[in-house]
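Have a look at the structure below, then the notes.
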Amino acid sequence: MPLKVLDATVSSFDAVLEKFRSEAPTHNTNLILFLADKDPSTSLSWCPDCVRAEPVIYKKLEASSDNVALLRAYVGDRPTWRNPQHPWRVDPRFKLTGVPTLMLWEDDVVKGRLEDHEAHIERKIDGLIAGT
């Protein structure tokens, strides 16, 4: 099945999340991936964990037989993310502590998550998708 991807920034997140939520019932699996922005000077993420995890996550999702929706939420540049009052750090739905963080979204709530130190591990991604 095709992988449906929506992208959001901090400023566009609420509107994109609303679209994601409205379409969620049409997908078998709904995931939110919080990522660091790309560094404009290199076109690479400023976050080495994101650079490591992204290809693994995309490979697993694209290989899935499920109908998967992925909301990629970009946290901003390093100084923006480092702010302890970053909106997704203090949002009670997400309580982000690191990037990348991959979350399973079911029934309008987070049902599982892989934090920055484990978001690149294939068997953990499989377990999250399977809801285990």
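Computed from the coordinates by the stated procedures, all read-outs in this text should not be read as laboratory data. No experiment lies behind these values; they were computed from the predicted model shown. When we count neighbours, we look across all protein chains shown, and the Cβ atoms used for this are built from the backbone with ideal geometry, even at glycine.
Just to check your reading of the model, which residue among Arg72, Arg89 is outside any loop (DSSP other than H, G, I, E, B), basic (Lys, Arg) and in contact with a strand residue (DSSP E or B) (Cβ under 9 Å, 6 or more places away or on another chain)? Walk me through it before giving the result.
Numbers: Arg89 fails: in contact with a strand residue (DSSP E or B) (Cβ under 9 Å, 6 or more places away or on another chain).
Result: Arg72 is the single residue among Arg72, Arg89 that is outside any loop (DSSP other than H, G, I, E, B), basic (Lys, Arg) and in contact with a strand residue (DSSP E or B) (Cβ under 9 Å, 6 or more places away or on another chain).
Being in a helix (DSSP H, G or I), surrounded by 14 or more Cβ atoms within 10 Å (Cβ to Cβ) and of a type outside the set (Val, Ile, Thr) is the filter here, so list the residues in the range 43-52 that pass it.
Of all residues in the range 43-52, those in a helix (DSSP H, G or I) come to 48-52.
Going one step further and asking which of them are surrounded by 14 or more Cβ atoms within 10 Å (Cβ to Cβ), we end up with 49-52.
Matches in the range 43-52: Asp49, Cys50, Arg52.
Can you name the residue in the range 14-42 that is surrounded by 12 or more Cβ atoms within 10 Å (Cβ to Cβ) and charged (D, E, K, R) and is also farthest from Arg89 (Cα to Cα) among such residues?
Among those that are surrounded by 12 or more Cβ atoms within 10 Å (Cβ to Cβ) and charged (D, E, K, R), it is Glu23.
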_Qualifying residues in the range 74-96 (those that are among the hydrophobic types (A, V, I, L, M, F, W, C) and either free of Cβ contacts under 8 Å to residues at least 12 places away in the same chain or touching a helix residue (DSSP H, G or I) at 6+ places or on another chain (Cβ under 6 Å) (or both)) - the one surrounded by the fewest Cβ atoms within 10 Å (Cβ to Cβ)_ = Val90
*Restricted to the range 1-13, and to residues that are part of a strand (DSSP E or B) and out of contact with any His (no Cβ under 9 Å at 6 or more places or on another chain), which residue is surrounded by the most Cβ atoms within 10 Å (Cβ to Cβ)?*
Ala8
